[in-house]
1. What are the residues in region 256-265 that are surrounded by fewer than 16 Cβ atoms within 10 Å (Cβ to Cβ) and under 14 Å from Trp229 (Cβ atoms), if any?
2. Can you find, within region 165-191, the residue that is surrounded by the most Cβ atoms within 10 Å (Cβ to Cβ) among those that are over 24 Å from Gly221 (Cβ atoms) and in contact with a Lys or Arg (Cβ under 9 Å, 6 or more places away or on another chain)?
3. Among the listed residues Arg270, Arg194, Arg226, identify the single one that is in contact with a helix residue (DSSP H, G or I) (Cβ under 8 Å, 6 or more places away or on another chain), surrounded by 12 or more Cβ atoms within 10 Å (Cβ to Cβ), farther than 28 Å from Ala110 by Cβ and of a type in the set (Lys, Arg).
4. Kindly indicate whether any position in region 89-96 is away from the ligand (no atom under 15 Å from the Cβ), among the aliphatic types (A, V, I, L, M) and at pLDDT below 95.
5. Working only within region 138-190, note down all residues that are among the hydrophobic types (A, V, I, L, M, F, W, C), within 13 Å of the ligand (Cβ to nearest atom) and either assigned to a loop (DSSP other than H, G, I, E, B) or modelled with pLDDT under 95 (or both).
6. Tally up the residues in region 110-137 that are near the ligand (Cβ under 7 Å from one of its atoms) and aromatic (Phe, Trp, Tyr), please.
7. List the pairs whose first member sits in region 146-161 and is farther than 14 Å from Lys257 by Cα, whose second member is within 13 Å of the ligand (Cβ to nearest atom) and not small (Gly, Ala, Ser), and whose Cβ atoms are under 7 Å apart, counting only residues at least 6 apart or on separate chains?
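The values are calculated or read from the model by the stated rules, or taken from the named source; none is laboratory data. Given the structure is predicted, the values throughout are model-derived calculations rather than measurements. A quick note on method: Cβ atoms are made from the backbone with ideal geometry, for glycine too, and the neighbour counts reach across all protein chains shown.
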Amino acid sequence: MSESAAKQSSSLLDWYAAMGVDEAIGDAPVDRFAASAAAPQPQEPLAKTPRPDPRPASKAPPATPPKAKRPAAPPPQANTPAPALDGIKTLAALEEAAAAFDGCPLKRTAKTTCFARGSEQAKVMLIGEAPGRDEDLQGKPFVGRAGKLLDKMLASIGLDDTSVYITNTIYWRPPGNRTPTPQEIASCAPFLTRQIELLAPDVIVLLGGAAAKSMLQTTEGIMRLRGKWKLYHAKDRDIPVLATLHPAYLLRTPDAKRYAWRDLLMLKERLSTLQ
Ligand code: URA
């Protein structure tokens, strides 16, 4: 193989790995183009002949029916509902239940279940979007570049793994680090709800738009949501919640760090009233 062909193959493999294609599932490659060309082509559908309306003229719809208003989209549903989780009394048992749960399709492509890191006694719970490549490899949230920045941000207001508990809206890495779909988030939501109940934090911090939108049940953008105290309605109480910018966004947009800094100061101030 020439040097440039080897380079190209290696770049292709890097790209596959970044997209989440990192496991061989057969001994020989399959040419899907050839297979689909050989498959029988679907027949042209028969032209539809209008059937006479059997209803009396008075019941028949008018020639041009008025345009129906499109019904509001129903809230996203998980494909397979999570089992009842009320009987689970510890975070360790909940982590086991999440690892055994097959209702989120992302689990099939992820390497590990990435549940949480930090202290189970923490007053501050942080919720990010989804595990990335490093998190998938290590099975812990926020351990890659964005996680390193998050740790620095927390340290700047005197917090670390002994005083925070960190998780994500979903526990499995979406291939290629794409944003999780509302259905994927919905499939993990019962676990996250129970996780919040069991941890019982004094404050929740939402990292980035995906976490903020799903936890606050809104379509508003993160720039509008951030920097304002809101309430998360847990089963037995309301928990103050603050949305802020995602550390991965701050890595790409260092100018926005000043907003995150303001949010961190708001968090620090709030925590000082709890001691
Ligand atoms: N981004 C997230 O939202 N969560 C992680 O765990 C890592 C990166």
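1. Arg262, Leu265
2. Tyr171
3. Working: Arg270 fails: in contact with a helix residue (DSSP H, G or I) (Cβ under 8 Å, 6 or more places away or on another chain); Arg194 fails: farther than 28 Å from Ala110 by Cβ.
From the options Arg270, Arg194, Arg226, the qualifying one is Arg226.
4. Among the residues of region 89-96, not one is away from the ligand (no atom under 15 Å from the Cβ), among the aliphatic types (A, V, I, L, M) and at pLDDT below 95, which makes the answer no.
5. Across region 138-190, the qualifying residues are Phe142, Val143, Ile170, Trp172.
6. Narrowing region 110-137 to residues near the ligand (Cβ under 7 Å from one of its atoms): 114, 128-132, 135.
Filter again for aromatic (Phe, Trp, Tyr), leaving none.
The total comes to 0.
7. Cβ pairs passing all conditions: Asp161/Arg117.
Residue-wise test of (1) part of a loop (DSSP other than H, G, I, E, B); (2) within 16 Å of the ligand (Cβ to nearest atom); (3) not acidic (Asp, Glu).
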residue	(1), (2), (3)
Lys235	yes, no, yes
Tyr249	no, yes, yes
Leu264	no, no, yes
Arg270	no, no, yes
